[in-house]
Amino acid sequence: MILLDIFITGLISGSTYALLAIGFSIIFGAARIVNLAHTAFYMVASYCIYLVSTKMGIHPGWGMIMAVILVTLLGTIAYQIVINPIREHHGAVLIATIALAMAFQEIMTLIFKSSYLSVPALIKGFVPILGVKVFYQQILTFGAAFVVMGGLWILLMETRAGLAIRATAQDREVANLMGINESRIAMLATAISVGLAGFAGAIVVPLTVINPRMWEHPLIMMMAVVVLGGLGSLKGSFVGAYILGFAESLVVFLIPAGAFLKGSVALSIMILVLLIRPDGLFGVSFEEER
Amino acid sequence: MLLDVTNLTVSYDKAVLLNNISMHVDEGELVSMVGPNGAGKSTLLRTISGLVAWEKEITRRSTQGDIIIKGSVIFNGERMDQIPANEIVKKGLIHCPERRRPFREMTVLDNLMAGAYLMKDKIQTQENLDQVYQLFPVLHGRSKQISGTLSGGEQQMLAVGRALMSTPKLLCIDEPSTGLAPMMRDEVFKKIMEIKKLGITILLVEQEVKMVFTMTTRNYVLSSGKIIAEGTGDQLLQDEIIRKTYLGL
């Protein structure tokens, strides 16, 4: 049943990309930051779990909680030191965040060397569905991703802070006139965004291999998702992530030596979208600033 | 005096947008600021509400020229020119911006709740919401609608309603009639009179001089960043030079 294999792989990678792209969109929306270091935080989270579970022998569940907290803190500090002083210069932010990502990569290489590492599954074992082994870890990863996205939805739509984030994302200037402290909201959005990246790393780490360059592929995928879904649209990020997740898994499973073509899927879709519909599926119009 | 602006000068790089402006608004008044395009009317409101200072802050390290703000803005006995825009709102000075600027992707109700962002008191918030719905019944019927799909007039009502949600003492409205059909325009002006009757002081920036002069207690004429005349509608209309040169009537 290769179809089921394709479906499960697509679902898992789609969920990861969705978590990453939604976080990326939140920080872009509320703070106008294009954070190219986004997936580097995902990598740091993975190493954090490796360190806790494999080196220190603590249950990986604790490692995941610690990873999310640590990465959120790290992201907030990085925001204050690196991004905030240059926040209004979009070009400088691009350079600074890619530098930040490379710095994280080099630090991880120094500490852990560039070898491939792995973390054991939280729950071992599998259940056979239609003759395909579905690992409990896969179900857990998918479920956790959905629960977190649901929680985020409630946070954004039902709470006062969520209202402020949405308002700031739409019109930063007018948000001031509502009494919203726009720079504090930008920081909150950064914390949530980086927290999501950390969480994505945490739930996916048992299914993947850890190495210092593991941030590169998701970064490209995430950018493609955001282009496909429409920059700044959370709904677009969600839908785009699953489209790309399934597209990628179709190519990997159906085309001979497809794994080598994995990287080109995202880029091809990105080029197509930019040619045909540059706004993406759910392009959001931003109030232009004076 | 509820609002007292003294010797206010604002320049962007080398362009002087406001030149030594002094004006005031007393409690219970409806004061208009009229004048040709580019006179600095919107800049004046943006300075009073702290948006120019915010812009100065965010462009602080950029290569664009510096924004310079001199003079003082005193509201209710407190200096407003030294606190950030989002804290000015707390004092009860609300700016309803030019081009309405609703949060377009959000529902009407969410827009209104964003207006009540600083309101701690839930009962008061509900009362304000009822008041806004009473004033603008059309918003009540459309509370779940995405605000970007409202008509221009409805968006203006929404923008004013959103400003009213924070229980303002002084409401500054920037060109509410722009781009509206004549009937809608009259409707908007009627609502502004109703808001005044609720006891809210209003500073109105407008182009529709004829209509506005029948509503206001006092008016200022602004041109090239300077206040060149002040008075009641009748007084200003009697002055032929002002009428012809600055008001185009």
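The values are calculated or read from the model by the stated rules, or taken from the named source; none is laboratory data. Since this is a predicted model, take the numbers as computed values, not measurements. Using ideal geometry, Cβ is built from the backbone for each residue, glycine included, and neighbour counts are taken over all protein chains shown. To get the accessible areas, we keep the full protein, side chains included, count just its heavy atoms, and leave off ligands, DNA and RNA. Shrake-Rupley method; radii C 1.70, N 1.55, O 1.52, S 1.80 Å.
Just the residues that are at the interface with chain A (Cβ under 9 Å from one of its Cβ atoms), in a loop (DSSP other than H, G, I, E, B) and of a type outside the set (A, V, I, L, M), please, taken from the range B:100-125. Passing the criteria: B:101, B:102, B:103, B:104, B:105, B:117. Within the range B:146-168, does at least one residue satisfy the condition of being open to solvent by 60 Å² or more (accessible area, probe 1.4 Å), in a loop (DSSP other than H, G, I, E, B) and over 20 Å from residue B:203 (Cβ atoms)? No, every residue in the range B:146-168 fails to be open to solvent by 60 Å² or more (accessible area, probe 1.4 Å), in a loop (DSSP other than H, G, I, E, B) and over 20 Å from residue B:203 (Cβ atoms).
Being touching a Ser or Thr at 6+ places or on another chain (Cβ under 9 Å) and closer than 15 Å to residue A:174 by Cβ is the filter here; which residues of the range B:139-167 pass it? Hits for the range B:139-167 are B:147, B:148, B:155, B:156, B:158, B:165.
Among the criteria (1) under 18 Å from residue B:29 (Cα atoms); (2) in contact with a Gly (Cβ under 6 Å, 6 or more places away or on another chain), the one residue B:193 does not fulfil is (2). The strands (runs of 3 or more DSSP E) found entirely in the range B:1-47 that carry 2 or more residues being of a type in the set (A, V, I, L, M, F, W, C) and over 26 Å from residue B:193 (Cβ atoms) are B:3-12, B:15-25. Hey, can you tell me all the residues within the range A:85-109 that are open to solvent by 60 Å² or more (accessible area, probe 1.4 Å) and within 14 Å of chain B (Cβ to nearest Cβ)? A:90, the sole residue that qualifies. For residue A:33, the conditions (1) open to solvent by less than 20 Å² (accessible area, probe 1.4 Å); (2) of a type outside the set (Gly, Ala, Ser); (3) closer than 26 Å to residue A:251 by Cα; (4) in contact with a Ser or Thr (Cβ under 8 Å, 6 or more places away or on another chain) are fulfilled apart from (3). In the range B:201-227, the residues that are under 12 Å from residue B:175 (Cβ atoms) reach residues that are among the hydroxyl-bearing types (Ser, Thr, Tyr) with C-beta atoms within less than 6 angstrom, at least six apart or across chains, in these pairs: B:204/B:32; B:206/B:32; B:208/B:177; B:212/B:32. Filtering the range B:54-80 to residues that are free of Cβ contacts under 8 Å to residues at least 40 places away in the same chain, more than 10 Å from chain A (Cβ to nearest Cβ) and open to solvent by 10 Å² or more (accessible area, probe 1.4 Å) leaves B:56, B:77, B:78, B:79.
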